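Notes follow once the structure below has been shown.
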Amino acid sequence: MRLCKRLFTLTAAAGAFALSQGTARAADATLDLVAPIADYKIFVSEEVDALVSDTTTFVEAIKSGDVEQAKALFAPTRMHYEAVEPIAELFSDLDVSIDSRADDYEQAEADPAFPGFHRVEYGLWEKNSTEGLGPVADKLLADVTELQGRIESLTFPPEVVVGGAGVLMEEVAATKISGEEDRYSHTDLWDIRGNVDGSQKIVELVEPLVNDPAFLEQVNGNFATVDTILAKYEEGDGYVTYDHLTESDRVTLSAAVNTLAEDLSTLRGKLGLD
């Protein structure tokens with residue numbers, strides 16, 4: 001009986017020691033990430049400032065009835081949101097209002113509650129009109145401005161920031177490759193570019209803390225592969241519409257994105273955050 005008690009005591013002590021060691025490592029990892037996260041907050045703030053500025057111009061075009069100008073501004077404006085999606089999604093109410101799709105509403109495009117970028121997208125491309133979009137555009141601008149204010153006072157969770165690199169690529173794999181997100185405008189490649197840029201920025205900032213040269217070489221090589229694929233579809237200051245891509249093109253892009261997403265899913269563990 002004494003031996004059992006002794007073994008139990010030793011086991012409990014070992015477990016407590018391991019837990020304390022794990023907590024200490026997590027604390028050390030968090031401390032090491034203070035500077036990269038501060039830099040990442042600057043990046044996010046700059047992207048959201050640009051989002052507000054570009055949305056203001058976008059809304060002006062909509063309210064003036066300039067369909068072609070509004071169409072031209074749609075994709076580059078959204079890119080800023082896509083680049084910071086892991087942080088934006090911390091505010092679920094705003095994310096729904098800014099970036100929800102017709103699938104989220106029973107009456108789809110006819111539902112007056114359907115808000116945000118994709119409601120505007122529907123009007124511009126499916127109706128080729130700005131009619132009725134003024135209030136939707138005003139709400140969109142109010143929402144991105146609210147997001148700007150909330151981010152200013154937000155303490156960025158390290159696990160969300162680091163995990164965001166993989167989340168962004170998983171987002172591409174889940175909703176962008178199929179073309180379902182920008183289903184009316186087919187501007188999906190712009191969104192993908194924004195997601196990739198946001199993911200690359202996170203990796204760039206935490207790279208000095210990752211003690212695994214082979215992993216970093218592989219990840220950076222995979223980013224380069226995705227960049228090379230996207231470069232094939234550049235047109236002017238942007239990209240061709242997604243319907244220009246063949247099924248083979250989409251399969252190639254999907255494979256590269258999924259490979260990158262799988263690698264980045266281990267990034268938190270590489271930094272002691274799991």
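Between residue 150 and residue 265, what length in nm is gained on full extension when 0.36 nm per residue of separation is reduced by their alpha carbon distance? That works out to 38.7 nm of additional length.
Surface composition of segment 34-156: carbon and sulfur atoms hold 49% of the protein heavy-atom accessible area at a 1.4 Å probe. Per residue, segment 34-156 exposes an accessible area of 43 Å² to a 1.4 Å probe, with every protein chain left in place. Helical content alone sets the calculated 222 nm signal of the chain at -23000 deg cm²/dmol, taking -39,500 (n - 2.57) per DSSP H segment of four or more residues and averaging over every residue. Of all aspartates and glutamates in the structure, the ones whose alpha carbon falls short of 12 Å from that of residue 63, not counting any fewer than 8 places away in one chain, are 131, 138.
The smallest convex shape that holds all Cα atoms of the chain, its convex hull, gives 168 Å³ per residue. What's the angle, to the nearest 10 degrees (0 to 90), between helix 2-32's Cα axis and the longest principal axis of the chain? Value to nearest ten degrees: 40. Of 222, 195, 128, the residue with the greatest mean-square motion in the GNM of the chain, using alpha carbon springs below 10 Å, is 128. A 1.4 Å probe run over the protein chains yields, for segment 157-273, 42 Å² of accessible area per residue, whole-number rounding.
In whole Å, how far is the Cα centre of segment 140-202 from that of segment 49-91? Spelled out, the Cα-based centre of one part sits 13 Å from the other.
Hydrodynamic analysis of segment 157-273 uses the Kirkwood radius over alpha carbon pairs. Inserted into Stokes-Einstein at 4 °C and 1.567 mPa s, it gives a translational diffusion coefficient of 89 µm²/s. Expressed as a whole percent, the accessible area of segment 157-273 that falls on carbon and sulfur atoms is 49 (1.4 Å probe). Taking 155, 187, 145 as the candidate residues, the one with maximal mean-square fluctuation in a Gaussian network model of the chain, Cα springs under 10 Å, is 155.
Stokes-Einstein, applied to the Kirkwood radius of segment 34-156 over Cα pairs at a viscosity of 0.890 mPa s and 25 °C, places its translational diffusion at 166 µm² s⁻¹.
The values are calculated or read from the model by the stated rules, or taken from the named source; none is laboratory data. Note that this is a predicted model, so its numbers are computed, not measured. Calculation scope for accessible area: heavy atoms of the full protein, side chains included, ligands and nucleic acids excluded. Shrake-Rupley method; radii C 1.70, N 1.55, O 1.52, S 1.80 Å.
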